[in-house]
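Here's the structure, in structure tokens; my notes come after.
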Number of protein chains: 2
Amino acid sequence: MSVNELSQRNVLILDAVHRLLRRGAVRNLTKMVNKMYPVEVAKALRHLDDPSEKRIVFGLVAGAERRAGVISELDPNSAVAVFTELTRAEQIDILHGLDTDDAADLMGLLPADMATYLLEEMSEEHSGGVADLMGYPAETAGGIMTPQFLAFPEDTDAQTVISYLQEHAADAEMVFYLYVVDAGGVLKGVLSLRDLLTVPPSARLGDIMHAPVIKAGVFMDQEAVARLTARYNLLAVPVVDPDDRLVGIITVDDVIDVIREEATEDMLKMSGTGGEGQYILSVGSLRAYRLRMPWLLVNVAGGIAGAALLTHFSGTLEAMLVLAAFIPVSMALGGSLGLQSSTIVVRGLATGAIEPSDVRRVFLRELRVGALVGLTCGTLVGGVALLWHNPWLGAVVGLSLFSASCVAVITGTLAPVLFQRLRIDPAISSGPLVTTINDLTGLIIYLGMATLMLVRHGAPPAP
Amino acid sequence: MSVNELSQRNVLILDAVHRLLRRGAVRNLTKMVNKMYPVEVAKALRHLDDPSEKRIVFGLVAGAERRAGVISELDPNSAVAVFTELTRAEQIDILHGLDTDDAADLMGLLPADMATYLLEEMSEEHSGGVADLMGYPAETAGGIMTPQFLAFPEDTDAQTVISYLQEHAADAEMVFYLYVVDAGGVLKGVLSLRDLLTVPPSARLGDIMHAPVIKAGVFMDQEAVARLTARYNLLAVPVVDPDDRLVGIITVDDVIDVIREEATEDMLKMSGTGGEGQYILSVGSLRAYRLRMPWLLVNVAGGIAGAALLTHFSGTLEAMLVLAAFIPVSMALGGSLGLQSSTIVVRGLATGAIEPSDVRRVFLRELRVGALVGLTCGTLVGGVALLWHNPWLGAVVGLSLFSASCVAVITGTLAPVLFQRLRIDPAISSGPLVTTINDLTGLIIYLGMATLMLVRHGAPPAP
């Protein structure tokens, strides 16, 4: 199916689910639900507003494995809503069907007593891994890894591994690499499936493995794991505990989700939206308001500071009311230019395109850009002010736009760098903060310059 | 190596390369360069300012395969700079060593006559694939696919495929799936390596394959391919021509690059930076200025419009100068709130979290958020204006902030949706455009309301 066919299919599915539900056509609905991809069932569930309808449709999904597939594709709110309504036996079946990392994620969302109860009821084979994973913070390597990996001692031969794979391959979610460990479980080397197929059957893993291995510590931030994966084109990253023992792997499909989530979060943070990226749709208006209001209060505070500033300079304005006309442009240009600089730096730091050693180079580049922009806009708007009113106003507007541009790129470049050194997410600083600082700086420069040039150094000539 | 060790290693490498270059210690440098990962050599090359130093270091990389690895990790500017300095024989060797998709990308960057010459000189085995790929636009499925895939007729048995893999696995870059095609090359089904290992050797592919296959058309936008891959957790997407014949695959490592690039581009576009994401660092100040200036001109135009507006309302300002004090806040709040809404919609549309069927729901949610924000900020800043000056001013400020908030979320939500319908990238609309529109709307509402309430309906009481 191509994308057009797929998106058409989505619309058709949603319509059909609604129609069959209304008609109570359970048999047809069951047939349909069990022919859909799990991700499609999840999408249909998310679109049903009525919780009891969600339950009915989910109840028609046949078999623990399919149900587990649907649950792992649902947004957290819907997953909990659907899961908590099931019988304990059904819940246990689904938990056994989920990948260990997805099971741990789901458990983390449930009420604590329910999670404890379920963990006790699960088979030991599964509960150990889930309990281990639940011990790691959500956005770390430990929090996103799965303990399902293949590791063998150094003196295993290639044929033994191939036979093992033919017997057990179905157990391992995605086998890309085979890891080589010593007797204590310490990670020693890595092999691809391809390596395995192209050596003589008697070859010893210790002799054909690659070392040193690129790996992540359990507490490494998930964004750093994603950078590592992208940078070295890996399909899976091994995760080791502080004693270098292999405890899990992170596969590329989970890395893709991390990359998308982190980019979404950064974008939303930059616009002052709080950054709960993955919940863009499911969050209600009250929660959205609570997440966004704090950042808008930065604007409000800036606005009140601006009001105080303008009151302070009211003598200047009174002497020459036409100055008020250029308040908007002296505010807006600095805000936008600073946002450009800080977006470049924030994104560069996040992707690794800008490293500490690059900061000086980027700073100087931005300063040159700021000067060029200031020159262009200062000449342009200063020219308008000159033609519109008089040369004095033109000079004030032009010079203050130039200075404000230079200040804006400096703030925009340095704020994210500073925040990163302070171990605060630089994306936070980018949007409302940098914009408000530069709005106000623009205003101060403009009014200050006007006061100096027009009021103190001689009364302004009449227009 | 953990991330800390890796980033430390990077700094050490850069220092060592500089030091060895200055000392002319060619033997040590050669040894070092050939022990580094290709991506590390690429990074070191990017950091060398002097083109002749770049050439020296690249010249020390031994063997066409390693050289090809380094070239494929370089940014486009450096890749062309290094490549064009090589002898024709060296160039051909590298082109033969590159994956077909990377070779086509590199050829696309070279001067046309050089590319034509090289294409003629390359072995037929390689040049055909490269020429085919060069025919597709860069940011489509065809432009990022590789023609190196494994496809077999429906009546092949599993054992034949396994034997084939053991002989030829080294040729295929990343084998995740085996595709099943009919006699005309039309894609019929797909199998994972795991499927192959867990069926009897005599099983016929046609009987064990999965169908229908999720696939991309050659002209599908790369962002849509990335969404497809992420949504269905695929490791590779097959690409078909308009007659449904399998012509290539896109592997997950390339999809990761697309996801990162597209997110970077969207962020930069939203801030009005032009959107040449991957060149964040290597672009010079003049080019950066040319990319960013057009969007800042939107601000300048908005600022001049603001100046005209304020001149138009100068009677009102003259009658009550204190109104000027609240110009900044009435501009800034709408701009920021609108940016939040449009960021949510732009990102939601890009990731597929918001689909056409969701627009109404998101719009209503945003409208509620706008009303709540307007109520909060209107009360707050209106209260300040009331205490500071008088109730009239408080009412004007409060009411106009409320109205401006409602208008801002409407513009912010609808602009990206409208742009998408017009097939213009919605990220473009988000930043400078929505912000400027909402800045101006805020100003018009504020001044208009002040004129109506204070000037026409009675003179303002003295503060």
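The values are calculated or read from the model by the stated rules, or taken from the named source; none is laboratory data. Everything numeric in this text was worked out from a predicted model, so none of it was measured. No Cβ is skipped: glycine too gets one built from the backbone with ideal geometry, and neighbour counts run over all protein chains shown.
Every test in (1) on the phi < 0 side of the Ramachandran plot; (2) without any contact (Cβ under 8 Å) to a residue 12 or more places away in the chain is passed by A:N233 save one, and that test is (1).
With respect to the conditions (1) of a type outside the set (A, V, I, L, M, F, W, C); (2) within 30 Å of B:E65 (Cα to Cα); (3) surrounded by fewer than 19 Cβ atoms within 10 Å (Cβ to Cβ); (4) modelled with pLDDT of 85 or more, B:S192 lacks only one, and its number is (4). It is to be established whether one or more residues within the stretch B:403-412 are farther than 16 Å from A:V283 by Cα, more than 10 Å from every other protein chain (Cβ to nearest Cβ) and assigned to a loop (DSSP other than H, G, I, E, B). Within the stretch B:403-412, none of the residues are farther than 16 Å from A:V283 by Cα, more than 10 Å from every other protein chain (Cβ to nearest Cβ) and assigned to a loop (DSSP other than H, G, I, E, B).
Just give me the residues in the stretch A:354-391 being loosely packed, with under 15 Cβ neighbours inside 10 Å and either on the phi > 0 side of the Ramachandran plot or aliphatic (A, V, I, L, M) (or both), in sequence order. Once the filter is applied, which keeps residues that are loosely packed, with under 15 Cβ neighbours inside 10 Å and either on the phi > 0 side of the Ramachandran plot or aliphatic (A, V, I, L, M) (or both), the stretch A:354-391 yields A:L364, A:L387. No other residue among A:V17, A:V33 is out of contact with any Gly (no Cβ under 6 Å at 6 or more places or on another chain) and either basic (K, R) or closer than 22 Å to A:L95 by Cβ (or both) apart from A:V33. Considering the stretch B:106-171, the qualifying helices (runs of 4 or more DSSP H), each wholly inside and each with 1 or more residues that are assigned by TED's automatic domain parsing to the domain that holds B:V255, surrounded by fewer than 17 Cβ atoms within 10 Å (Cβ to Cβ) and modelled with pLDDT under 85, run over B:158-168. Yes or no: the stretch A:280-291 includes at least one residue that is over 24 Å from the mean Cα position of the chain (by Cα) and modelled with pLDDT under 90. The answer is no, given that none of the residues of the stretch A:280-291 is over 24 Å from the mean Cα position of the chain (by Cα) and modelled with pLDDT under 90.
If we scan the stretch B:206-214, do we find a residue that is assigned by TED's automatic domain parsing to the domain that holds B:G184, surrounded by 23 or more Cβ atoms within 10 Å (Cβ to Cβ) and at pLDDT 85 or above? There is no residue in the stretch B:206-214 that is assigned by TED's automatic domain parsing to the domain that holds B:G184, surrounded by 23 or more Cβ atoms within 10 Å (Cβ to Cβ) and at pLDDT 85 or above.
Residues in the stretch B:190-200 that are facing another protein chain (nearest Cβ under 8 Å) and part of a loop (DSSP other than H, G, I, E, B): B:T198 only. When B:L187, B:L178 are checked against the criterion of being in a strand (DSSP E or B), surrounded by 14 or more Cβ atoms within 10 Å (Cβ to Cβ) and modelled with pLDDT under 90, B:L178 stands alone in meeting it.
Residues considered: A:D75, A:D50. Of these, the only one that is under 31 Å from the mean Cα position of the chain (by Cα), acidic (D, E) and more than 14 Å from chain B (Cβ to nearest Cβ) is A:D50.
May I ask you to say which residue of B:R361, B:R368 is within 7 Å of chain A (Cβ to nearest Cβ) and under 19 Å from A:V283 (Cβ atoms)? Reasoning before the result, please.
Values: B:R361 fails: within 7 Å of chain A (Cβ to nearest Cβ).
When all the criteria are applied, what remains is B:R368.
Could you identify the single residue in A:A203, A:A226, A:A216 that is within 8 Å of chain B (Cβ to nearest Cβ), on the phi < 0 side of the Ramachandran plot and in contact (Cβ under 8 Å) with a residue 24 or more places away in the chain? Spell out how you get there, then give the answer.
Details: A:A203 fails: within 8 Å of chain B (Cβ to nearest Cβ); A:A226 fails: within 8 Å of chain B (Cβ to nearest Cβ).
The match here is A:A216.
For B:Y232, the criteria (1) in contact with a Phe, Trp or Tyr (Cβ under 9 Å, 6 or more places away or on another chain); (2) more than 7 Å from every other protein chain (Cβ to nearest Cβ) hold in every case but one, which is (2).
Within the group A:G272, A:G248, which residue is at the interface with another protein chain (Cβ under 9 Å from one of its Cβ atoms) and within 30 Å of B:V258 (Cα to Cα)? On inspection, the qualifying residue turns out to be A:G272.
Each residue in the stretch B:330-358 was checked for being facing another protein chain (nearest Cβ under 7 Å) and under 15 Å from A:M267 (Cβ atoms), and 10 of them qualify.
State whether one or more residues within the stretch A:260-270 are of a type in the set (G, A, S) and more than 13 Å from the chain's Cα centre (by Cα). No: the stretch A:260-270 contains no residue that is of a type in the set (G, A, S) and more than 13 Å from the chain's Cα centre (by Cα).
Okay, residues lined up against (1) in the same structural domain as A:V384 (by TED's automatic domain parsing); (2) closer than 22 Å to B:L339 by Cβ; (3) crowded, with 24+ Cβ neighbours inside 10 Å:
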{"position": "A:C406", "(1), (2), (3)": "yes, no, no"}
{"position": "A:V417", "(1), (2), (3)": "yes, no, no"}
{"position": "A:Q420", "(1), (2), (3)": "yes, no, no"}
{"position": "A:I424", "(1), (2), (3)": "yes, yes, no"}
{"position": "A:I428", "(1), (2), (3)": "yes, yes, no"}
{"position": "A:V434", "(1), (2), (3)": "yes, yes, yes"}
{"position": "A:L440", "(1), (2), (3)": "yes, yes, no"}
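For the stretch A:290-329, the set of residues classified as facing another protein chain (nearest Cβ under 8 Å), over 22 Å from B:G315 (Cα atoms) and in contact with a Ser or Thr (Cβ under 7 Å, 6 or more places away or on another chain) consists of A:R292, A:M293, A:L296, A:N299, A:G302, listed by residue number.
Among the residues here, B:T229 qualifies as in a helix (DSSP H, G or I) and in contact with a strand residue (DSSP E or B) (Cβ under 9 Å, 6 or more places away or on another chain).
Across the stretch A:73-119, the number of residues qualifying as among the polar types (S, T, N, Q) and either under 20 Å from A:V17 (Cβ atoms) or touching a residue at least 60 places away in the same chain (Cβ under 8 Å) (or both) comes to 2. One residue stands out in the stretch B:298-316 among those that are free of Cβ contacts under 8 Å to residues at least 24 places away in the same chain and surrounded by 21 or more Cβ atoms within 10 Å (Cβ to Cβ): the one that is nearest to the chain's Cα centre (by Cα), namely B:V300. Among the residues of the stretch B:334-353, are any under 30 Å from A:L48 (Cβ atoms), free of Cβ contacts under 8 Å to residues at least 12 places away in the same chain and part of a loop (DSSP other than H, G, I, E, B)? Yes, the stretch B:334-353 contains a residue that is under 30 Å from A:L48 (Cβ atoms), free of Cβ contacts under 8 Å to residues at least 12 places away in the same chain and part of a loop (DSSP other than H, G, I, E, B). Applying the set (1) more than 33 Å from the chain's Cα centre (by Cα); (2) within 14 Å of A:N299 (Cα to Cα); (3) β-branched (V, I, T) to B:V384 leaves exactly one unmet item: (2).
For the stretch A:51-62, the criterion of a residue being within 29 Å of B:V237 (Cβ to Cβ), surrounded by fewer than 16 Cβ atoms within 10 Å (Cβ to Cβ) and modelled with pLDDT of 85 or more is satisfied by at least one position. In the set (1) surrounded by 15 or more Cβ atoms within 10 Å (Cβ to Cβ); (2) not in a helix (DSSP H, G or I), the condition left unmet by A:V80 is number (2).
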